[in-house]
Amino acid sequence: CCIVNLPNAFSPNGDGNNDAFRLLRYGQIELISLEVYNRWGNCVFKTAELTDSWDGKYLGVDCDLGTYFYILRYKCHLHTERLMEKGDVTLIR
């Protein structure tokens, strides 16, 4: 129930394909937070809602192409411990 999948790239160019960075599969989890950081360590996106997604913008402005880093914190409904995953995603247009 606690398998989570996130894409390793997305292209927010408005073509309807891979336009947002979001959890693709998450089973029965409680999302604590999904945070996305740029290479300077600035948080460009943060949510605690399973259905929220990042559109590749920060404060309404398109972010630069490149690699961003995420931290995913969640709890599985079957366990009480908090889990954390870290990774990266490439923003392409």
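Out of the residues in the range 44-67 that are within 12 Å of the chain's Cα centre (by Cα) and assigned to a strand (DSSP E or B), state the one that is nearest to L31 (Cα to Cα).
First pass over the range 44-67, keeping only residues within 12 Å of the chain's Cα centre (by Cα): 44-56.
Those still in the list that are assigned to a strand (DSSP E or B) too: 44-47, 54.
Working: V44: 18, F45: 15, K46: 11, T47: 9, W54: 15 Å.
Applying the filter and picking the extreme gives T47.
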### Task
Could you identify the single residue in G41, G14 that is modelled with pLDDT of 95 or more, part of a loop (DSSP other than H, G, I, E, B) and open to solvent by 30 Å² or more (accessible area, probe 1.4 Å)?
G41
### Query
touching a Ser or Thr at 6+ places or on another chain (Cβ under 9 Å), in a loop (DSSP other than H, G, I, E, B) and either open to solvent by less than 70 Å² (accessible area, probe 1.4 Å) or on the phi < 0 side of the Ramachandran plot (or both) - does that describe any residue in the range 68-89?
no
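Restricting attention to the range 17-32, which residues are at negative phi and either open to solvent by less than 80 Å² (accessible area, probe 1.4 Å) or not in a loop (DSSP other than H, G, I, E, B) (or both)? If you could, list the steps in order and put the result at the bottom.
Taking the range 17-32 and keeping what is at negative phi, we get 17, 19-26, 28-32.
D19, A20, F21, L23, R25, Y26, I29, E30, L31, I32, listed by residue number.
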### Query
Within the set of pairs 6 or more residues apart or between chains, which connect a residue that is in contact (Cβ under 8 Å) with a residue 24 or more places away in the chain and hydroxyl-bearing (S, T, Y) inside the range 52-69 to a residue that is open to solvent by less than 60 Å² (accessible area, probe 1.4 Å) and part of a loop (DSSP other than H, G, I, E, B) with Cβ atoms less than 8 Å apart?
S53/A20; Y68/N38
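The values are calculated or read from the model by the stated rules, or taken from the named source; none is laboratory data. Remember, predicted model here, so these are calculated numbers, not experimental data. Glycine gets a Cβ as well: all are built from the backbone with ideal geometry, and neighbour counts include every protein chain shown. Note: areas computed on protein heavy atoms with side chains; ligands, DNA, RNA excluded. Shrake-Rupley method; radii C 1.70, N 1.55, O 1.52, S 1.80 Å.
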